[in-house]
Structures are given as structure tokens and as C-alpha cells.
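My questions will all concern the structure given below.
The values are calculated or read from the model by the stated rules, or taken from the named source; none is laboratory data. Because the structure is a prediction, the values reported are computed rather than measured. Quick note on the areas: whole protein, heavy atoms, side chains included, nothing else; ligands and nucleic acids left out. Shrake-Rupley method; radii C 1.70, N 1.55, O 1.52, S 1.80 Å.
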Amino acid sequence: MHVFVAGGSGFVEYAVCKLLQERGHTWTAGPNKVSWSELMENGLPECDAVINLCGGNPFDPMKKWNEEFKDEIIKSIVEPNSNIAKLISDMNQPPKVFVSASAVGFYPPSTSAEYTEGGPAGTDFFARLSVDWENIAMQARSDKTRVSLVRIGVALGKDGGVIKQMKLPFYLGLGGVIGSGEQFFPWIHVDDIAGIFIHAIENDNVEGALNATAPSVTTNHDFTKAFAAALWRPSIFPLPEFIVKAMFGSERAVVLLEGQNVQPKRTLDSGYTFKYTSITDALKDIVS
């Protein structure tokens, strides 16, 4: 298959493109190699599948949580997905499948609920954004093109995401739980994110939402202890709730302090086999 990959510059995108190559597929990256204006003028290149991984990081601790940053995040997600959906719809011979990233922010934060793909959407900023993200992607669906939506959890990998942000303080022995530490932590190894995307393009029976989270119940305390142990460091400096709220703003802090227990029921039912189901094994691989 030839695959058009939008947003091919981050560590998740690198893992997806690497696995595509290993599986014998060819791919074209855009829009970092092809501008959006050029795409909108000339259309998508001929391809069998499209993967969209575009989107900013709403939990960037260096960004102040305000309306300007919210608009920046919305634009980084909605505009590329809208462009791709329109481009696919305008093609005489559209790709057989469009797989769009989404996020577990679709579900409400909760300290007790368990969510599978049929679970309800929340009402906060992240849920509304995820719903818009998915609704736009579904506009590309037709009798020629199936659409799959990959709701990605906390992405763990060597070269990006939370590990990149947290490795230095943990290495210095300054890491610790966030808030109570009892909130759920819906993590996934970057290799499994890539695996789920490729699984979705390769299997004609895969459509709709897929939770990209490891099939295990993990708390922030579990993650913290496993990460510190993998680095052979202590984890004795908790991050109190009031500091989390001061750093991230109350809207983002709720997600970090309450978490979500998101289980990949449809992902497993569709035949995907996870490479990493244990947070301990995942973190040992990442820090090795």
C-alpha cells in the first residue's frame, strides 16, 4: 500500500512511518514536505490510505492556558483534518481508508468510571475538541473510504511526549506522584500507537473508534514508581494539587488530577495484539 501521512515530524509520526516501512508499505509525508496550499490546489497524491497525525500538544507546560493557546490547539487539529476530509471527498478515486488521530480526552475525567469505545463523550474543552476532531474525519467516509479514529492515550516513547519532559527531573531524583497519585493513567507505548494505525489500514473490517491505550489498569502512582525504578532513582517529591493547577490552569489540571480508565475493547476485538501491556516492561524498554 502507498500511504499519505499528514504530520510526519514528531516521535509518534516517526514510529508510524518506520513501521510502515518495516511492513513493506511506501509512504509520502505531508504537509511538512508538501504545503497545505499546494495540497488544496493540486489534491492529494494517489494513495491507498491516509493517516492524519496533525495536532499540537495541549499539555505543553511551557504554554500558558488561555484563549489564545486554546485557539492555537483547535487550529492545529481542526484545520488539517478538515482539509484532508475535503481532499478525500473531492477525489475521483479516494483512498480505501482514512485513519485519523483522536484522543482519550473524548471521555470525561473520572476517578471511578471505566470507558470503552462506546463510552460517552465529556463536556469539557478536550472532549468537545475530540468530538469535533472525529466528526470532521467522518466527513470523508463513503462507500469507497472507511474511516477509523484512534483515540490516543498518554504516549510513552524515548524521543518525545511525557518521558522527554519528565526524564531529567526523575533522573535527578526529583520525580514524584501528581496529586494523590491514585488517578488513572491511560498510557500507551509509541510502538503500539504505530501498530494500531497500521492495523487499521491493513484490515478492512476495522472502522470507527479504537482506543489506543494499554489493556491494563494503571494509576499515576504505578507509573511514577515504575519510571523511577527503571531509572534506578527514588520518587519522593510529589507534585501537590495546587502546584499542578498553578502550572497548567484548572481546566488542564482536572485531567491530570482525575485521569481516566480507558480500555481498548474494540481494539482488542478487532484483532490487534499489544506489544506492551505492562507499564514496567514499557518503561524498561524506553529507558534502556
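Helix 190-202: angle to the longest alpha-carbon principal axis of the chain, degrees 0 to 90, nearest 10?
With rounding to tens, the tilt is 20 degrees.
Let me ask something additional. Return the Rg/Rh value of the stretch 96-221, two decimal places, where both radii are evaluated on C-alpha atoms and Rh is the Kirkwood radius.
Across the stretch 96-221, the Cα-based Rg/Rh ratio is 1.01.
What value in Å³ per residue do you get for the convex hull of the alpha-carbon atoms in the chain?
Value for the chain: 120 Å³ per residue.
Continuing with the same structure: Suppose all protein chains stay in the model; what accessible area per residue would a 1.4 Å probe give for the stretch 115-263, in Å²?
42
Now for a different question. What is the angle, in °, between the Cα long axis of helix 67-89 and the longest principal axis of the Cα atoms in the chain? Nearest 10 is fine, range 0 to 90.
30
Once both axes come from the Cα atoms, what is the angle between helix 125-138 and the longest principal axis of the chain, in degrees from 0 to 90, rounded to 10?
Orientation of helix 125-138: about 20 degrees from the principal axis.
Okay, moving on. What does the accessible area per residue of the stretch 36-79 come to in Å², with a 1.4 Å probe and no ligands, DNA or RNA counted?
59
For the chain, what % of the accessible area comes from carbon and sulfur atoms, probe 1.4 Å?
Percent of accessible area from carbon and sulfur atoms in the chain: 53.
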